[in-house]
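To start, the structure itself, in structure tokens.
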Amino acid sequence: MSHHTDASPRLHPTRIDIPAEVRSQIAEILNQSLASTLDLKTQVKQAHWNVKGMDFYQLHELFDEMATELEEFIDLIAERITALGGVALGTARIAAERSTLPEYPIDILDGKSHVTALAERYAPYAKLVRDAIDKTGSLGDADTADLYTEVSRAIDKRLWFLEAHLQA
């Protein structure tokens, strides 16, 4: 049994002008996002590796592009945590334990099923990011809120791409 994520690690000292208590709350929000973003990236890779059918090549490429984009967000989020004096919690085990996203179905093959499964994960992820914009903004951290706003715009665009594939 591992209980390594029950409490957040102590903050490292920093000269940043945000009170430690606030930084601790923001780091916790960011670490929750980090877990879900890592999870989403691995789910997109699952789709990338396993998609079959007429649209194989197009979707294989699209899913890889989406995974690469999520990798950039993972770095942005983790680096913001450490800039605030926090510890980025980014292992696969921690991500699996803390992610709020549903597990990816492993018994699907065709493009439409993968597109649907990803859309069903991008939508709640988009909500999670929008909630984080509000929370970090209300905690007075405009920089973190701005980071989330950048992610939010990109995620909404990807969800639009995915849903466009599903519209007749």
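The values are calculated or read from the model by the stated rules, or taken from the named source; none is laboratory data. Quick caveat: nothing in here was measured; it's all calculated off a predicted structure. Note that each Cβ is placed from the backbone with ideal geometry, even for glycine, and that neighbours are counted across all protein chains shown. All accessible areas refer to the heavy atoms of the entire protein, side chains included, with ligands and DNA or RNA removed. Shrake-Rupley method; radii C 1.70, N 1.55, O 1.52, S 1.80 Å.
A few notes on this one:
- Among the GluC sites (Glu not before Pro) in the stretch 73-164, those located in a DSSP loop and surrounded by at most 13 other Cβ atoms within 10 Å of their own Cβ are Glu103.
- Expressed as a whole percent, the accessible area of the stretch 61-168 that falls on carbon and sulfur atoms is 53 (1.4 Å probe).
- Shape call, the chain: gyration tensor on alpha carbons, a/c limit 1.5: prolate
- Computed with a 1.4 Å probe on the full set of protein chains, the accessible area for Thr100 sits at about 90 Å².
- When you restrict to C-alpha pairs under 8 Å that are six or more residues apart and normalise by the size of the chain, the relative contact order lands at 27 percent.
- Most mobile of Leu109, Leu70, Leu30 in a GNM of the chain (Cα contacts under 10 Å): Leu109
- Along the stretch 9-19 the Karplus relation, 6.51 cos²θ - 1.76 cosθ + 1.60 evaluated at θ = phi - 60°, assigns HN-Hα couplings of x, 4, 6, 7, x, 8, 8, 4, 8, 10, x Hz to successive residues, with x for each Gly and Pro.
- Amide hydrogen neighbours beyond the local backbone of Asp110, cut-off 5 Å, H modeled: Lys52
- Computed helical MRE - 222 nm, the chain, DSSP H runs ≥ 4 contributing -39500 (n - 2.57), nearest 500: -25000 deg cm²/dmol
- Reachable lysines, given that their alpha-carbon falls under 20 Å from the alpha-carbon of Lys45 and they are not under 8 places away in the same chain: Lys112, Lys157
- Most to least accessible of His48, His12 (protein chains only, probe 1.4 Å): His12, His48
- Backbone geometry of the stretch 146-155 corresponds, through the Karplus equation with coefficients 6.51, -1.76 and 1.60 at θ = phi - 60°, to 3J(HN,Hα) couplings of 5, 4, 5, 5, 4, 5, 4, 4, 5, 5 Hz, x marking Gly and Pro.
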